[in-house]
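Asker: One structure is given below, represented as structure tokens, and several questions about it will come after.
The values are calculated or read from the model by the stated rules, or taken from the named source; none is laboratory data. Bear in mind the structure is a predicted one, so any value in this text is a computation, not a measurement. Because the Cβ atoms are built from the backbone with ideal geometry, glycine has one as well, and the counts that use them run over all protein chains shown.
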Amino acid sequence: PTISRHDYQPYPYRLTQVTLDFDLDPGQTRVQAQLQFEQAATSLQPLVLNGQDLQLESLALNGRALTPEQYQLNDDTLVVHPDTGTFTLEITSLCQPDKNTSLMGLYVSGGKLFTQCEAEGFRRITWFPDRPDVMARYRVRIRANKQQYPLLLSNGNLLEQRDLADGRHEAIWEDPHPKPSYLFALVAGSFDCREQTIKTRSGRDALLQVYSDVGTYNKTEWALDCLTRSVKWDESRFNLELDLDRFMIVAAHDFNMGAMENKGLNVFNAAYVLADADTATDAAYRAIEAVIGHEYFHNWTGNRVTCRDWFQLSLKEGLTVFRDQEFSADMLAQGLDGAEAESARAVKRIDDVSTLRLAQFPEDAGPMAHPIRPESYQEIGNFYTATVYEKGAEVIRMQHTLLGEAGFQAGLAEYFRRHDGAAVTCDDFVSAMESVYAKQNPGKSFDIFRRWYSQAGTPRVQVSLSYAAEDQTCTVTLRQHNPPVGIEKLSTPPQAKPPLHIPFALGLLGQDGQALPITHEGKAADTIVLDLCHEEQSWTFTQIPEQPIPSLLRRFSAPVIVEFDRSNADLALLTRHDSDPFARWEAAQTLASHQLLALVQAFARNTAPEVDPHFIGTWRSLLNDTSLTAAYKARVLSLPSQRELLEKTTPMDPLGVVQASRYLRVELGKALVEPWLATYHANTDGDTPYQPDPASSGRRTLKNLALNYLMAAQHPQAEQLALAQYYDARNMTDRMGGLSALVHYSTSTECGRALDHFYEQWQQDALVIDKWFTLQAVAPTTSVEKIRALMVHPAFSMRNPNRARALIFQFCLNNLQGIHTPEGYAFWADQVLALDQTNPEIAARLARAFDNWARFGQPQRDALHQALEHIRQQPKLSPNVSEIISKALNI
Ligand code: ARG
Ligand code: ZN
């Protein structure tokens, strides 16, 4: 069934108090719920509660047991007919955590019990109005065997803990903040705990705790440090203070997503908690910081103000992703200022934009295209998407650009003033922001801007520029297109889509690469922001002394595709001189894409591949540029990923992309051997102890990039360097860098030996073994047969989402030459179906791997179609997979 945004109806009752009694047992847990309701509608309505995989034991209304004739019970709802406006419902039900492989609701992981309730998991715990606009106070009593479950946690404050008979004990928790059911959490088991008491800004004490597997205490120092910095940063940058006496993070090894912001009791995928120098890479350290920040920031943007319904998901996710991106950028720029700080922040921006282009642009062009506020869905679990999260964050970032930092903060303060404690809509958020915008810009509104919330697809912005030497004026014309996407393409005539409000940041460079200041709205600046609100607009700038070279969409000021034909010579100039570090990176990447696409064509036509010597020259000058930081240099000198390149070929040509990427890497390696070697050695930090700080991790990234180019070029020393780096490494970044270079480029038996050595050494550490599976999944020599062999390895398990992602998802998404074969597609379909038996949410994610099937050339297109049909024809598909496959096949 399809649910539509416009069908929203308020719930006819308020829930004033929830009391839950848990009798925990992995085989059968008994939950007694006492719910106090109060009529909210003008007349008495039936009370409809959600439930899933529950066994109802008893039901009582105002203390009187109800007989089956007095209520309606079916698979997913329980309907009761109250006869008074205020009443108490008591429900006793049973669930089976150890049979719950979906990892939604109450489940077992590593012998411990965890819950995951967002979006609709609470209904697997008890019958309940499981929707975010029903908020209530919770009091929770948990009883369990004390030896097996020494720790019993839930949201809020611990009121009481005591021993019971028969080796059991109980704990009582009370959460003072009203919350929707999706923020409920319960955890039980045995954990190590690292904690610290901090003073919040107003001088209150708050206890911060990180719980992890017994024996992993030494791996939670970074997580607690990240949490502390998150609390401080939200105070200093956003003026938001922690509203709890106790804030807990708990690590789980089986988890469908990254983490969950349950009030006061965040549950995390262990991959985003555990880190030490030996087992976590620099990238893992940064990812932990980002996710801990993200979940913490939800405490205000998500929990204090929550979503009215799930169509509003981007209200909390887009905003919170924007906040975690800013947090990470500020952490990178800590202690720096001016251009150095900007360059440090740009590294984060580059990584975020790369993610957006890799995951969101294709989504916005495919069968699952949806606005950041979707209009309809069949399964909400399918809408935790790059569009809602990452494009949602871009839409917030544009508001930040339009309002400025001070204006944005004023708008957010207004948002909290209006809506603290409520469940609201995206529109409510925009209105608060608009109130500030209208004050800053009398007569203007966000009427056009609001369309970002209802319009899917990536806008295209065509740029043209004309220069009149006689009067030294330059005219810039921007023209936007919003082509139909996804199902819009099916309607005839195609739906015309109105223009959006696009803040477009622009700079001009002279022929010598120097910035030409632009006078706009009475001020002269190196970067100006144009407000594109119509289909086409022009701006004329005066006192431009020479024909300028434009630097377009600086800082990536809007999630659009820029169309502007320009010469490689101009791109090379921007690559060397653009003062905007993002645009500079962009110019280098565009040059590389041009070169790669020319190679794809050459291979397709069977003509001799050629690499432009100017391209090599540009790369050489970047490599030798001593003004760039190592982290930035590593970004600029990395080639676009194969998947990103694939999206740019028409029809999509996976094998051509693989060939071209490899060829260019080899050529760049060979042509620049000396600077790569020099770079490698210059960025090797002798004996200094490992720190995950931005400067030293930037050097490791660059060193590992150099190693890859040297390996690609088959430089006579490269394999020795890689082996030495691997075996002598004193941190996981170096170790993985060495091993990955071997796995990708070595043809000797040393590679297999190193992989075996790695397994031997780290087999006890699940997160490290995930990396071992991933390396092999993406190795160019890995075939389906090899993956099937790895799937019967004793360490493989399909039940553990991290493991399935490490091997199966990585192979399907990031091993183009392995997956784009007839066996590859059949393998993919088999795995979607296998996963669907146990974990529909994860299965549906894998099902999306070939959303873009219709854009492939033959024979891939027909073969993918067949694989999709094969999935569709299976009798018992979950609603999750069924929605994905039917949408993919409709296009
Ligand atoms: N709210 C969580 C986050 O973004 C994501 C949880 C989604 N869970 C799920 N099972 N779909 O931080
Ligand atoms: Zn989130």
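Asker: Name every residue in the stretch 254-279 that is closer than 23 Å to residue 733 by Cα and within 16 Å of ligand 1 (Cβ to nearest atom), in order of residue number.
Answerer: 258, 268, 269, 270, 271, 272, 273
Asker: Quick one: how many residues across the stretch 105-134 are of a type outside the set (D, E, K, R), within 16 Å of ligand 2 (Cβ to nearest atom) and either under 18 Å from residue 248 (Cβ atoms) or out of contact with any Gly (no Cβ under 9 Å at 6 or more places or on another chain) (or both)?
Answerer: 3
Asker: Working carefully through the options 531, 565, find the one that is within 22 Å of residue 462 (Cβ to Cβ) and either within 31 Å of the chain's Cα centre (by Cα) or in contact (Cβ under 8 Å) with a residue 24 or more places away in the chain (or both). Steps first, please.
Answerer: Details: 565 fails: either within 31 Å of the chain's Cα centre (by Cα) or in contact (Cβ under 8 Å) with a residue 24 or more places away in the chain (or both).
Being within 22 Å of residue 462 (Cβ to Cβ) and either within 31 Å of the chain's Cα centre (by Cα) or in contact (Cβ under 8 Å) with a residue 24 or more places away in the chain (or both) holds for just one of 531, 565, which is 531.
Asker: Every residue in the stretch 94-107 that is touching a residue at least 24 places away in the same chain (Cβ under 8 Å), away from ligand 1 (no atom under 14 Å from the Cβ) and either of a type in the set (Lys, Arg) or buried (at least 21 other Cβ atoms within 10 Å of the Cβ) (or both), please.
Answerer: 95, 97, listed by residue number.
Asker: Something else: If you take the residues in the stretch 294-304 that are outside any helix (DSSP H, G or I), within 14 Å of ligand 1 (Cβ to nearest atom) and of a type outside the set (Phe, Trp, Tyr), which one is surrounded by the most Cβ atoms within 10 Å (Cβ to Cβ)?
Answerer: Checking each candidate, the answer is 301.
Asker: Does any residue of the stretch 731-754 turn out to be surrounded by fewer than 19 Cβ atoms within 10 Å (Cβ to Cβ), within 30 Å of the chain's Cα centre (by Cα) and touching a residue at least 60 places away in the same chain (Cβ under 8 Å)?
Answerer: No, the stretch 731-754 contains no residue that is surrounded by fewer than 19 Cβ atoms within 10 Å (Cβ to Cβ), within 30 Å of the chain's Cα centre (by Cα) and touching a residue at least 60 places away in the same chain (Cβ under 8 Å).
Asker: Grab the helices (runs of 4 or more DSSP H) fully contained in the stretch 748-803, keeping just those with 2 or more residues being among the polar types (S, T, N, Q).
Answerer: Values: elements: 750-762, 766-778, 784-791.
Qualifying helices (runs of 4 or more DSSP H): 766-778.
Asker: Please work out if residue 131 is under 35 Å from the mean Cα position of the chain (by Cα) and assigned to a loop (DSSP other than H, G, I, E, B).
Answerer: yes
Asker: Which pairs have Cβ atoms under 7 Å, sit 6 or more apart or on different chains, and link a residue in the stretch 407-433 that is at pLDDT below 95 to one that is surrounded by fewer than 17 Cβ atoms within 10 Å (Cβ to Cβ)?
Answerer: Listed by first residue and then by second, the contacts come to nothing, as the list is empty.
Asker: Which members of the stretch 518-534 meet the condition of being exposed (fewer than 13 other Cβ atoms within 10 Å of the Cβ) and not aliphatic (A, V, I, L, M)? Step through it out loud before you land on a result.
Answerer: So the first thing to find is which residues in the stretch 518-534 are exposed (fewer than 13 other Cβ atoms within 10 Å of the Cβ), and the list is 521-524.
Within the stretch 518-534, 521, 522, 523 meet the criteria.
Asker: Output the qualifying pairs, or none if there are none: Cβ atoms under 7 angstrom, residues six or more apart or on different chains, first residue in the stretch 295-315 and more than 24 Å from residue 454 (Cβ to Cβ), second residue β-branched (Val, Ile, Thr) and not in a strand (DSSP E or B).
Answerer: That search, which allows pairs on different chains as well, returns 296/231; 297/320; 298/320.
Asker: Moving on. Which ones in the stretch 726-747 are outside any helix (DSSP H, G or I) and not hydrophobic (A, V, I, L, M, F, W, C)? I'd like the intermediate steps shown before the answer.
Answerer: Initially, the stretch 726-747 is screened for residues outside any helix (DSSP H, G or I), giving 729-731, 746-747.
Correct list: 730, 731, 746, 747.
Asker: Here is a further query. Among the numbered criteria (1) under 23 Å from residue 264 (Cβ atoms); (2) in contact (Cβ under 8 Å) with a residue 40 or more places away in the chain; (3) within 15 Å of ligand 2 (Cβ to nearest atom), which one does residue 324 miss?
Answerer: (2)
Asker: Let me ask another. Which residues, counting only those in the stretch 384-410, are farther than 18 Å from residue 559 by Cβ and either within 16 Å of ligand 1 (Cβ to nearest atom) or part of a loop (DSSP other than H, G, I, E, B) (or both)? Explain how you work it out, then say what you get.
Answerer: Here is the first cut: in the stretch 384-410, the residues farther than 18 Å from residue 559 by Cβ are 384, 404-407, 409-410.
Across the stretch 384-410, the qualifying residue is only 384.
Asker: Just the residues that are part of a loop (DSSP other than H, G, I, E, B) and either modelled with pLDDT under 95 or in contact with a helix residue (DSSP H, G or I) (Cβ under 6 Å, 6 or more places away or on another chain) (or both), please, taken from the stretch 28-53.
Answerer: Passing the criteria: 51, 52, 53.
Asker: Residues of the stretch 705-722 being assigned to a helix (DSSP H, G or I) and either among the polar types (S, T, N, Q) or farther than 16 Å from residue 677 by Cβ (or both), which ones?
Answerer: Those that are assigned to a helix (DSSP H, G or I) and either among the polar types (S, T, N, Q) or farther than 16 Å from residue 677 by Cβ (or both): 708, 720.
Asker: Could you grab the pairs with beta carbons closer than 7 Å, sequence gap of 6+ or different chains, first residue in the stretch 791-820 and under 19 Å from residue 768 (Cβ atoms), second one assigned to a loop (DSSP other than H, G, I, E, B) and among the charged types (D, E, K, R)?
Answerer: 800/254; 801/254
Asker: From the list 243, 225, which residue is of a type in the set (D, E, K, R) and either touching a residue at least 60 places away in the same chain (Cβ under 8 Å) or crowded, with 23+ Cβ neighbours inside 10 Å (or both)?
Answerer: 243
Asker: Let me ask something else. More than 29 Å from the chain's Cα centre (by Cα) and surrounded by fewer than 23 Cβ atoms within 10 Å (Cβ to Cβ): which single residue out of 178, 150 fits that description?
Answerer: 150
Asker: Let me ask another. Looking at the stretch 395-418, can you tell me whether even one residue there is charged (D, E, K, R) and either touching a Pro at 6+ places or on another chain (Cβ under 7 Å) or surrounded by 18 or more Cβ atoms within 10 Å (Cβ to Cβ) (or both)?
Answerer: Yes, the stretch 395-418 contains a residue that is charged (D, E, K, R) and either touching a Pro at 6+ places or on another chain (Cβ under 7 Å) or surrounded by 18 or more Cβ atoms within 10 Å (Cβ to Cβ) (or both).
Asker: Need the failing condition index for residue 282 against (1) surrounded by 24 or more Cβ atoms within 10 Å (Cβ to Cβ); (2) within 11 Å of ligand 1 (Cβ to nearest atom), just the number.
Answerer: (2)
Asker: Report yes if some residue within the stretch 599-615 is closer than 30 Å to residue 693 by Cβ and modelled with pLDDT of 95 or more; otherwise report no.
Answerer: Initial filter on the stretch 599-615 (closer than 30 Å to residue 693 by Cβ): none.
No.
Asker: Now, a different point. With the requirement that a residue be exposed (fewer than 11 other Cβ atoms within 10 Å of the Cβ) and closer than 19 Å to residue 653 by Cα, what does the stretch 602-622 give you? Outline the logic, then answer.
Answerer: Step one: list which residues in the stretch 602-622 are exposed (fewer than 11 other Cβ atoms within 10 Å of the Cβ), which gives 605-608, 613.
605, 606, 607, 608 - these are the residues of the stretch 602-622 that are exposed (fewer than 11 other Cβ atoms within 10 Å of the Cβ) and closer than 19 Å to residue 653 by Cα.
Asker: I need the full set of residues from the stretch 433-457 which are assigned to a helix (DSSP H, G or I) and closer than 21 Å to residue 5 by Cβ, in order please.
Answerer: 433, 434, 449, 450, 451, 452, 453
Asker: Quick check on the stretch 313-333. Is at least one of its residues surrounded by 22 or more Cβ atoms within 10 Å (Cβ to Cβ), among the β-branched types (Val, Ile, Thr), more than 13 Å from ligand 1 (Cβ to nearest atom) and assigned to a helix (DSSP H, G or I)?
Answerer: no
Asker: Among the numbered criteria (1) surrounded by fewer than 19 Cβ atoms within 10 Å (Cβ to Cβ); (2) part of a helix (DSSP H, G or I), which single criterion is violated by residue 836?
Answerer: For residue 836, the failing item is (1).
Asker: Ok, one more. When you look at residue 823, is it more than 30 Å from residue 756 (Cβ to Cβ) and touching a residue at least 24 places away in the same chain (Cβ under 8 Å), yes or no?
Answerer: Values: more than 30 Å from residue 756 (Cβ to Cβ): no; touching a residue at least 24 places away in the same chain (Cβ under 8 Å): yes.
Criteria not met by residue 823.
Asker: Being in a helix (DSSP H, G or I) and without any contact (Cβ under 8 Å) to a residue 60 or more places away in the chain is the filter here; which residues of the stretch 624-635 pass it?
Answerer: Looking only at the stretch 624-635, we keep the residues that are in a helix (DSSP H, G or I), and these are 624, 630-635.
The answer is 624, and nothing else.
Asker: Now for a separate question. Scan (1) surrounded by 18 or more Cβ atoms within 10 Å (Cβ to Cβ); (2) under 31 Å from the mean Cα position of the chain (by Cα); (3) modelled with pLDDT of 95 or more for the single condition residue 508 breaks and write down its number.
Answerer: Only one criterion in (1) surrounded by 18 or more Cβ atoms within 10 Å (Cβ to Cβ); (2) under 31 Å from the mean Cα position of the chain (by Cα); (3) modelled with pLDDT of 95 or more is unmet by residue 508, namely (2).
Asker: While we're looking at this one, here's another question. Do we find that residue 786 is of a type in the set (Lys, Arg) and under 25 Å from residue 743 (Cα atoms) in this structure?
Answerer: yes
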